[in-house]
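One structure is given here, and the rest of the page talks about it.
The values are calculated or read from the model by the stated rules, or taken from the named source; none is laboratory data. Not measured: the values here are computed from a predicted model. Glycine gets a Cβ as well: all are built from the backbone with ideal geometry, and neighbour counts include every protein chain shown.
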Amino acid sequence: MSHAAPGHVSLDPRFAPPFPQAALQMLRNPQLRKNVAHAIDVIQAKRGKLVAEKADWQELRSAASAIRFHVLDNLGVYLEQFEARCTAAGGHVHWAADAAEARQIILDLLRQENASEVIKIKTMTSAEIQLNPFLQAAGVSVFETDLAEIILQLGEEDPSHIVVPALHINRSQVREIFARTMGLKNLSSDPKELTNAARTYLRKKFLTVPTAISGANFLVAETGTVAIVESEGNGRMCLTLPRTMISLVGIEKVLPRFQDLEVMLQLLARSATGERMNPYTSLWSGVTPGDGPQRFHVVLLDNGRLSILAKTKERQTLKCIRCAACMNTCPVYRQTGGHAYGSVYPGPIGAILTPQLMHMKYAQTLPYASSLCGACYEVCPVKINIPEVLLELRAQVVNQERRQVGRFFDLMYLGLRIANLIFATAWGFHAAQRMGRIGLRFFTRKDGWIHALPSLGAKWTQTRDLRGLPKLTFHRWWATRAKEGK
Amino acid sequence: MKQPVPSRQRILDRIRAATPSAAKDAFQLASAYAALPRTYTRRGSLSAQARVELMIQRLREYDAEVVECTPAELADAITAQLAASGRLRIVAPSGAPPEWMVTSAWKITGLEWTLDHDLPIDEIEQAEGVVTAATCGIADSGTIVLHHSATEGRRVLSLLPDWYLCILCASQIVETLPEYFSRCQQPPALATYISGPSATADIEMTRIKGVHGPRILVVIVVRDDK
């Protein structure tokens, strides 16, 4: 990931600027906002149409939510079952506690293969552990094969969406990247021609590179099956032509039984790309003699997921099937695009997943990157109550902050402590009300509104008016009413 | 294999600690699983004829070429499609029935059928077309299911050639995805679900056909249901 590229923010939450700062930078880029809004409008229209035609959509969501919760409740036994079945079918299962361990396991496997090149199917998990720069530094050339990932890799750009990672880049920008890096001067900006250029560029790689890396959409405990859904066929190429395949998968991705795919697959494509079914879904368990890679490894990755599993309200974060419906519907994401989130997981799901994966040590501004409108919860195919988790995380951030010594004289916390003292007694509360009424009277205009306040109060009135206080407080009105015997 | 055992154990121990409500034994787990709500539509409601029509309609929406024929007409239908495509070097799975190839062999000059008995990848890549059978069709989403049996071929076979002719029997078509899954009592070791030709929408969400998989998909629906 190119930290230093001008105009870019880091997608490593440890180095990324706070959301409001990064968002401001994005809001000043009209081209980016136009590209993002266009792409999202297209996906949203398609999704809306296909969800509406599904009469049992809510029932599918309920089933999916229940299945995912059931898996999380019983994660240990299902992972062990997956491991046993995958191993029995000729696969090898590795366990990685964190990003560093996962990277090292993968590099060791590549070294055993004497691999100097590797082809990759799009995987956000590998971006999470920053696998590409690590492998390149170790002397392994990495070739992304998903069209969007090629655009990003060749253009040295960062992903801004988990399903359509290059949605912030338009066709003429793609043309520029391909023309420059593939040496195709006469390339037009017709998406068809650009896609063809990628097809030609990759065909030789598919046929010659003997090692591939993928993620996975689902694991099936019952059968040891790995599932990958895709559109282009680059996944199928990587899954059938190389002799060695390594799949990096978050430990939460397991499903109990093969049949559970009937729920997930119906929800995933409709939610992610607005299709009844994605063009290609590949399922395989272990190794099949005479068909596809004869050496197969699964790397199961924790990397912060377990700290989420242990918490009651937050656990639902792990139900996610990475469809990106939440970011497509989010009014905040629509304005800022993905990079502002400073994480490979942007949007509402990123706002709850990223700080938790970072053990709440980084990305603390992300839980605030939301208007709490609840659109993300409404579209989520596995019913993750994202606003509930956002609020929970905000509370944790506040608790962290007020314990910091440096924050002792922070105006907000000072104010809140004083308010706490005053509002602790009815006497204090009423006195404060009276003083407030007297004070605000000077600023209330004839129309009954307050248009401008001085000093700290200006932060409110800069962007919105405040209604003047009524003549009577509720308490006073209630007391008068009782006296008059009404 | 240099597998750091401690990580596996540490992860599993931490999972156990984090999931105190986990099922205590296989029986408890099975009953918790059985209790999961499944009120979504499992069985379709269409007539047999409407089901086949929906499948064909969905395939056409994906820009697939679809023709129907009776079982007796299959060989002629394959020949007609091959002739129309102008493609001569055709590969087929090792278990492809000889009747697929009979008519075409003497009607199209220069046509060359090669069965995939461990063909080198280059040869598959250079083939101009591929013909395979299928396991199932799912009408609701227009999905063709391959379980890669001897008549469906290994996975790479239906992937590399640019032109793909798939033979699907009407009796194999179900309406909903759950109906397909209830047919899979024995889950396959390998499966590929194909819903239209290879496509991408990565550039400005404009759908482009044929990125890496076959760019042209032709489906012959054999009306063995009549």
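Things worth noting here:
- Per this entry, residue A:349 is counted among residues that are on the phi < 0 side of the Ramachandran plot, of a type in the set (Val, Ile, Thr), crowded, with 23+ Cβ neighbours inside 10 Å and in a helix (DSSP H, G or I).
- Among (1) without any contact (Cβ under 8 Å) to a residue 40 or more places away in the chain; (2) closer than 30 Å to residue A:63 by Cα; (3) among the small types (Gly, Ala, Ser), the one test that residue A:375 misses: (1)
- Taken together, A:267, A:248, A:239 contain a single residue that is under 30 Å from residue B:41 (Cα atoms) and either assigned by TED's automatic domain parsing to the domain that holds residue A:54 or in a loop (DSSP other than H, G, I, E, B) (or both), which is A:267.
- Subset tally (residues that are within 11 Å of chain B (Cβ to nearest Cβ) and touching a Pro at 6+ places or on another chain (Cβ under 7 Å)) for the stretch A:246-276: 3
- Among (1) under 24 Å from residue B:143 (Cα atoms); (2) within 14 Å of chain A (Cβ to nearest Cβ); (3) modelled with pLDDT of 95 or more - the single one residue B:90 does not satisfy: (2)
- Taking the listed residues A:332, A:298, A:382, the one that is of a type in the set (Val, Ile, Thr), away from chain B (no Cβ under 14 Å) and closer than 29 Å to residue A:60 by Cβ is A:332, with no other qualifying.
- Of the residues making up the stretch B:93-119, those that are more than 11 Å from every other protein chain (Cβ to nearest Cβ) and part of a loop (DSSP other than H, G, I, E, B) are B:95, B:96, B:97, B:98, B:108, B:109, B:110, B:111, B:119.
- Selection status of residue B:156, within 19 Å of the chain's Cα centre (by Cα), more than 10 Å from chain A (Cβ to nearest Cβ) and at pLDDT 95 or above: no
- Candidates B:59, B:74: the one that is under 30 Å from residue B:162 (Cβ atoms), within 12 Å of chain A (Cβ to nearest Cβ), touching a residue at least 24 places away in the same chain (Cβ under 8 Å) and assigned to a helix (DSSP H, G or I) is B:59.
- Failed condition for residue A:285, given (1) of a type outside the set (Val, Ile, Thr); (2) buried (at least 24 other Cβ atoms within 10 Å of the Cβ); (3) not assigned by TED's automatic domain parsing to the domain that holds residue A:31: (3)
- Hits in the stretch A:81-105 - residues which are at the interface with chain B (Cβ under 7 Å from one of its Cβ atoms) and either free of Cβ contacts under 8 Å to residues at least 24 places away in the same chain or acidic (Asp, Glu) (or both): A:101
- Looking across the stretch B:196-211, just one residue is in contact (Cβ under 8 Å) with a residue 40 or more places away in the chain and either among the aromatic types (Phe, Trp, Tyr) or crowded, with 24+ Cβ neighbours inside 10 Å (or both), and that is B:196.
- Within the stretch A:211-236, the set of residues being among the aliphatic types (A, V, I, L, M), surrounded by fewer than 24 Cβ atoms within 10 Å (Cβ to Cβ) and not in a strand (DSSP E or B) comprises A:216 only.
- The residue list A:317, A:281 contains one member that is on the phi < 0 side of the Ramachandran plot, β-branched (Val, Ile, Thr), out of contact with any His (no Cβ under 8 Å at 6 or more places or on another chain) and away from every other protein chain (no Cβ under 12 Å), which is A:317.
- Pick from the stretch A:49-70, criterion free of Cβ contacts under 8 Å to residues at least 24 places away in the same chain and over 27 Å from residue B:32 (Cβ atoms), ranking: farthest from the other protein chains (Cβ to nearest Cβ): A:52
- Any hit, the stretch A:420-433, residues being surrounded by fewer than 12 Cβ atoms within 10 Å (Cβ to Cβ) and part of a loop (DSSP other than H, G, I, E, B): yes
- Taken as a whole, the structure leaves residue A:321 outside the set of residues that are β-branched (Val, Ile, Thr) and assigned to a helix (DSSP H, G or I).
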